[in-house]
Structures are given as structure tokens and as C-alpha cells.
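The values are calculated or read from the model by the stated rules, or taken from the named source; none is laboratory data. Please read all numbers here as calculations on a predicted model, not as lab measurements. For neighbour counting, all protein chains shown are included, and Cβ atoms are generated from backbone atoms with ideal geometry for every residue, glycine included.
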Amino acid sequence: MSKKFKRREFLKFLFTSGIFLTGAGSISSLFSGCEKGGGINVERVYDFLEHLNEAEIITPRKEFVKRSSFTINGESKEVLFEHPDSSITFKDVAIQKNASLNFGISINEPAWEKVGDGVLFEIILTDKKSKKHNIYSRYIDPKNNPDDRKWFAESIDLKSFEKEKASITFTTSSGPKSNNAFDWAGWSQPKMNFIVRKRIRKSHHTNIILITLDTTRADHLSCYGYHRKTSPGLDKIAQNGMQFLNAISPSPWTLPAHASLFTSLFPSQHGAISKAGKTVSSGYPLTQSDVVLAKIVKNHGYKTAGFVGGPFLKSEFGFSQGFETYDDQWEGYDRRANKINSKVFNWIERNFSSPFFLFINYFDPHAPYDPPKSFNSPFKNSYRGEINFATFGPHQIKLGEINPLKETDKMRAIDLYDSEILFMDQQVAELFQRLEDYELLDDSLVIITADHGESFGENDIWGHGGLPIESQVRIPLLIHFPAQAKKPKVVAEQVQLTAIYSTILKTLNIPLPAFAVQKGFDINLLNAGKNEENTLPQYTFAERFFPKGNMRMLRSNNWKYLVRKSLKSEKKGTEWIFDLDNDPRELKNLIGLDKKRDNVIRSKYSNFIKKISSIQLEKIKSSSVSPKPLSPEMEEQLKALGYVK
């Protein structure tokens, strides 16, 4: 009797009897947590999907084995797609103490109505003596058995093989009739999990963790009064720390705003400002300088690491300066907060005992508004419109490619945007839990803010990057103190994003660069408040450069002045004055109604411009500064995000 015939008979037996087998022990559960007394249990993961390119694959056709995703009963998961009859062998896998193999199996939903007769899923472990162990075997046939129309979650205890290096082989075999054309088999999220005991070495230094929530407007967080519970994790941080109700970004788009964060300079001072042409074809990077925040902190003995989710923070735009570790690589056009957290957690595990400066950029709320399909958000209401928000970008409206959204479309966009904020918030909460597990929160200053907001039709504006209106420049700012530092506080007066730079250096007792030591700019946000003099700026400022001109904003706590000028004209330009107390939506332009007031505000603006013009990291002249050309990969990313037409 042939080997193939024996396998078919075995499959037929499984099919008719409904038996499935699991080997090497029972189902186990993993957890990680902090144990007081100097130690912590840390969960580690070996992700087979991440090592697929190292595996030995035997398959009839190359496309039969690949990384993919399946949606089963509305739940989407990443899978190792393995069309039968195939085998995938991962060699020299180190099996640690208390390890378990966790995965799911299913046949992709579109195949349920096709011709097929099921799949046998098996896992073979080959130990160091070359002995083979069948540790898992299960046959499913969703076409003919309705009970198999689901994800099967499985976990195999590997205790019998711990402290070995083994080969692990995933195999799929077709059913007894060999009708395998539509046997679209997948192993969902196959991982080996194990626990490592880490010793906590207590220290008394202050760590800095700086987090930016890309494209997150303040008034869509529940801690800022939003009607939806979008940010329970951030709400808790706000309640126990410091919350600024009127934090203002110096620019309504990513690159210049982050450059200001890292230098305390405004866009026209640091030079990382411009887009070229009607759409982005290049950007001016942050120039190399010793005053960049990470460089200063590194030079004072701190480990430095950055983990970013958006394309304009890639190292080619100058943002990796001073970072010993700078992780800006991902598949696709961005990466979700959970993927960033995975990288961050691994870094923290290796570096928690040293003083560090950690920068994290979560990118999720940025368009396209496309929260994870497996994320069950309470805000994703039913929608019957025609917009595909998985590819939609507000730039399509700005460029005239589509009409302004109907009210139902707009509400759908907001539903999805809010869902992405909620997903990101959960990841921030997980980060704080990990910091608590490592006993780091009591010794860390954590600053959470955003680079800019997002407009949903306010002032007929969609998206961001255009005008410094409130929906784009008013951002969240929350601070978690080290344990002994401050009591919870809410600050209503306006503050500038640029003050984070001096706040961090002052917290670490690092001298400020000479340019930053001037009244109104050397702010320590930890001292901000009504009863403490000279702690907040009288005005906040923002600017946006266009190919043919610029728009600038000067803002007090009560009024706002905007002026738009052409680079080729000496005229005053177009002006707006808004009463923020009575007109927070900026609907009524007050220019010309009170000429005396207008002239006073213009004078304040002129004096402010003169003051900041005396300091520049690099002169902005087209003859001396060249825009950064985009790589083909970067251009593709920016096209998907709406920056390139």
C-alpha cells in the first residue's frame, strides 16, 4: 500500500469520524505581569510570519504559500496562506522554557461554496535527534460541515521540547477526494510565546518618553469634552497628570511641526518647510544640527530611540539625528500602533535599566480612515454611501477629484476617524501598562501631543496641511509626571508645541542652547498656570508655506490674526481677525470693523516676526537650500496618503 494511499485512508477516517488530534500536551495560557521584589515576567514572541522568508517551502506552485489575510464571519486576521499539498519548515527554532505554540486555522470564506472536500492541518516538530513528533492534526471541511465555518483557535504546550532547537513544519493536505482547487487554507497569526524572567534594577534617573498622535485634533478626545468616549486611556493620563486645553502647533502638517518639536524653532527658523508644486514632489528636510533634541540628550549620556509610523518622519527627512535606534521601516504605507508597540516593547526590555529618551509616533488617525477590520469599534455605524474610505483621502476634495462629502459621507468619515483614535488610545494604554510592569512610570516624564489636527469641512476645509485654523492647529497636550513631581493640573491658557523642547531639557538639568534662552521661549510647561508668572507665552504662532506664498497666524488667548501673502508681492496680503471667545469656529472676519484694534494687532504681529526672524537654523533661499528628492518607494507611500497626485 502506497504512502499516499495510507494518508487518504487516514483522511477519510478523520472525515467520517469527526476526530481531531492535538499533541504534546494540553492548551496553555500565557500572561505577563510585574512581581514586586525586583523581577518581572516578560512575554516574548517568535512570529512565524516574520520569518517566512527564512523557511524551507515545498509546494506545487510558488503563489500557494504566502503572507495574506482572511476574513471569517467578519473577523479579519493575518494568515500564513498554505494551499494544499504544501509544507513550510522553520529550522533551528529555539524553544524556550514555558513555550507554547499559538495559532488559528480556517479555510477562507469565499471557498466555502466552491468544490472542495476539506483540509488536514498538521504540525510536525523535528527534535535535535531528528525524531519527528506530530504535535497537531485537525481536519476541517467548511463546505460540507457548517460547524467548521469559523476560526479555530489552538494552543500547543511545548514543555516537552523546551531548551531545544527544533524544526517546526506546517503542512496542509487535501481531502480524501483530492478536490483541492479551492482549499484555501490558512494558519492565522502563528506564534510561539514564552515567558522570560527579567530582573528589575532600580535606578533614580528620569526617563523621557515623547509621544505624538499624528493627525489628532484635541476636540475629538473625550478628555477634551468630545461627546464620544474615544480616549479612555488618555482620559486617565489627563486626570492624573497635566492637561493643556489650548496647545497650539506651529504648522498644520507633519514635517515642519515635528521639526519644531525637535528644535523649539518655528518653521521659517528651522527650514523644514516646503512642498513643491501643486502636490508634494519633495520636502525640505530638517538640516543637520547639534541643537536637535535627541542629539543634545544623547550627548548627556541617555540612550535614544525613535519608532515612527508616518512617511514624513523617515530618516531621509532628517529626523533620525541623535537616535541610536531609529525604526522607520514597515510594509505598506504606514504601520498601525500595535505594530509600533511591538517594536517599542522589545526595545524597552533591552534598555529599561539605563536612562533613555524614547520618541514614538502613532500614525493611525491619518487618512485613509481605515481602522483594523478586526477592531470592534462602537463608532462604526451602518453606511450605504459610495465612498471607499479605505482609499479615501481629503486631498481628493482639495484637488477637485471628488465633490465635497455629503452629510452621510462626512459622518462616516468621522466614525472611522474616531474609531482609529480609539484603537490608538488602546495602544497608548498598553504602552503605559508595559511601563508600569517595568516600574518605569514613577521615574519617567511622559509627554503626549500631536503634530496637527484634521478638518471635516470646517471653513470649507478638508484634511490638513492647508490653513492654520483651529481644527488643524489646536492639538492635545498631556503630561505624566514622575511620581514625586507635581499634582494634577489643568491649564486653560494657550501654550506652544515648541515649549516641549525646553521643558525636556530643563527636566533633565541640561543647559538650553543659547538661542533658546530668551524671554517667552524658554518655557517650562511643568510650571505653567495662572498663579505662576512668566511661564507661558503671550502669543502662539503658526505658519504654512506654499509654492507662491505663505500664511501666518498670531494667536492670543482671546483673538487670532491670520495673514496670507504672496512671495512676489509687497502688499499687505489678505487678513483675518477672529474673536475666539465669541467665534471659536472662526466664521466672522472682524478686519475693518475697528481700525485702531486692527493696527494694534498688526503691530504686535510685526514685532513678533522681527523677533523670530533674528534666529534661523538655516536661511531659506532657493539658491542655497535644495528640496529632498523622493525615492520611488517614498513617492508610492505619499501617493497612497494623498500627498502626491
Checklist entry - Has region 416-425 got at least one residue that is aromatic (Phe, Trp, Tyr) and touching a residue at least 60 places away in the same chain (Cβ under 8 Å)? => result yes
Checklist entry - Looking at Phe323, Phe319, Phe352, which one is closer than 28 Å to Val292 by Cα, aromatic (Phe, Trp, Tyr) and modelled with pLDDT of 95 or more? => result Phe323
Item to check | Elements of type helices (runs of 4 or more DSSP H) contained in region 383-490, each with 1 or more residues being surrounded by 20 or more Cβ atoms within 10 Å (Cβ to Cβ), among the small types (Gly, Ala, Ser) and touching a Leu at 6+ places or on another chain (Cβ under 8 Å) | outcome: 407-437
Next on the checklist: Return the pair list, or none, for Cβ contacts closer than 8 Å from residues in region 368-392 that are within 22 Å of Ile402 (Cβ to Cβ) to residues that are in a loop (DSSP other than H, G, I, E, B) and of a type in the set (Lys, Arg), at least 6 apart or on different chains.
Outcome noted: Pro371/Lys380; Gly385/Lys406
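For (1) more than 21 Å from Val473 (Cβ to Cβ); (2) assigned to a loop (DSSP other than H, G, I, E, B); (3) modelled with pLDDT under 65; (4) β-branched (Val, Ile, Thr), each residue gets a yes or a no:
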{"residue": "Tyr561", "(1), (2), (3), (4)": "no, no, no, no"}
{"residue": "Asp583", "(1), (2), (3), (4)": "no, yes, no, no"}
{"residue": "Asn589", "(1), (2), (3), (4)": "no, yes, no, no"}
{"residue": "Lys611", "(1), (2), (3), (4)": "no, no, no, no"}
{"residue": "Gln616", "(1), (2), (3), (4)": "yes, yes, no, no"}
{"residue": "Glu636", "(1), (2), (3), (4)": "yes, no, yes, no"}
Item to check | Residues (acidic (Asp, Glu) and within 29 Å of Ser377 (Cβ to Cβ)) located in region 59-110 | outcome: Glu75, Glu78, Glu109
